[in-house]
Amino acid sequence: STQMQLDIEKNNKKRIYFPFGGSFSQEEIISRLKKLKLNDNCVLHLDLYDSDKTNLMMEVLFSILITRYYGQNEEIFFLPKNIPIKVEIPLLISLKSFQF
């Protein structure tokens, strides 16, 4: 996290921190994403941690990283292309939770 923060500051950007893990639902994630104060001078920092909902976590990550939007029914979050995304994946999660 510290190195990521330093890299973002070095580029004169503002870090928008989004911790992601634990127990959550689609509705909670969309609500949290829509509350983010994003602008052209920021970087979205997704900080992953252990979760028992790895399938939903992977669905959200795919949507945000590849399509740059996430939604359910009428609720949609859209991330403009000009906002960079940095993902922090702890070693423990990457080894035990995700299967590719």
Inset, instruction - Considering only residues that are more than 11 Å from the chain's Cα centre (by Cα) and of a type in the set (A, V, I, L, M, F, W, C), look in the stretch 57-76 and name the one that is least open to solvent (accessible area, probe 1.4 Å). - result: I76
Legend entry - Hits in the stretch 1-32 (condition: hydrophobic (A, V, I, L, M, F, W, C) and touching a helix residue (DSSP H, G or I) at 6+ places or on another chain (Cβ under 8 Å)): F18, F20, F24, I29
Inset, instruction - Would you confirm whether any residue within the stretch 26-48 is open to solvent by less than 90 Å² (accessible area, probe 1.4 Å), more than 20 Å from D7 (Cβ to Cβ) and assigned to a loop (DSSP other than H, G, I, E, B)? - result: no
Inset, instruction - Would you confirm whether any residue within the stretch 30-49 is touching a residue at least 12 places away in the same chain (Cβ under 8 Å) and over 20 Å from R68 (Cα atoms)? - result: yes
Inset, instruction - Determine whether S63 is at pLDDT 90 or above and of a type outside the set (A, V, I, L, M, F, W, C). - result: yes
Inset, instruction - Give the number of residues within the stretch 1-25 that are over 18 Å from Q72 (Cβ atoms) and in a loop (DSSP other than H, G, I, E, B). - result: 4
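The values are calculated or read from the model by the stated rules, or taken from the named source; none is laboratory data. None of these values were measured; they are calculated from a predicted model. Because the Cβ atoms are built from the backbone with ideal geometry, glycine has one as well, and the counts that use them run over all protein chains shown. With ligands, DNA and RNA removed, areas are computed over all heavy atoms of the protein, side chains included. Shrake-Rupley method; radii C 1.70, N 1.55, O 1.52, S 1.80 Å.
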